Amino acid sequence: MRIFKVPFDLKREEKIFGGYLSLRQVIYLMLSASSLSFLATPLPIPIKIIIISVVSIFFILCAFLKINEQYFDKLFFYAFKYVFRKKIYLYERCGK
């Protein structure tokens, strides 16, 4: 029985849509586009524009921005988890 090595790359996502976008990126782009649903709310136009632009920019950053080989959505999640988790501070006496 012959054994063949199958090459695979764990550092890159599989590009499913057109060879350019991964499933994660497409989901974030759909969430960014769905922020246009704020247009149907009874808010003043400037507030709608601000909300839509902030939400769209956040999801576009989650889809495409990579910092130190880590995508922005994971980095944001880790930062959020760090800020809101319970921290344990240990005090140790030294010098005796």
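The values are calculated or read from the model by the stated rules, or taken from the named source; none is laboratory data. Just so you know, these numbers come straight off a predicted model, no measurement behind them. Every residue, glycine as well, gets a Cβ built from its backbone with ideal geometry; the counts of neighbours run over all protein chains shown.
Test of understanding: among ILE27, ILE49, which residue is surrounded by fewer than 16 Cβ atoms within 10 Å (Cβ to Cβ), farther than 16 Å from PHE72 by Cα and at pLDDT 90 or above? Talk me through it step by step, then tell me what you get.
Working: ILE27 fails: farther than 16 Å from PHE72 by Cα.
Checking each option against the conditions leaves just ILE49.
How about segment 36-66: which of its residues are closer than 30 Å to LYS11 by Cβ and touching a helix residue (DSSP H, G or I) at 6+ places or on another chain (Cβ under 6 Å)?
VAL55, SER56, PHE59, ILE60, LEU61, CYS62, ALA63, LEU65
Would you pick out the residues in segment 1-44 that are of a type in the set (D, E, K, R) and closer than 18 Å to GLU69 by Cα?
Selection gives ASP9, LYS11, ARG12, GLU13, GLU14, LYS15, ARG24.
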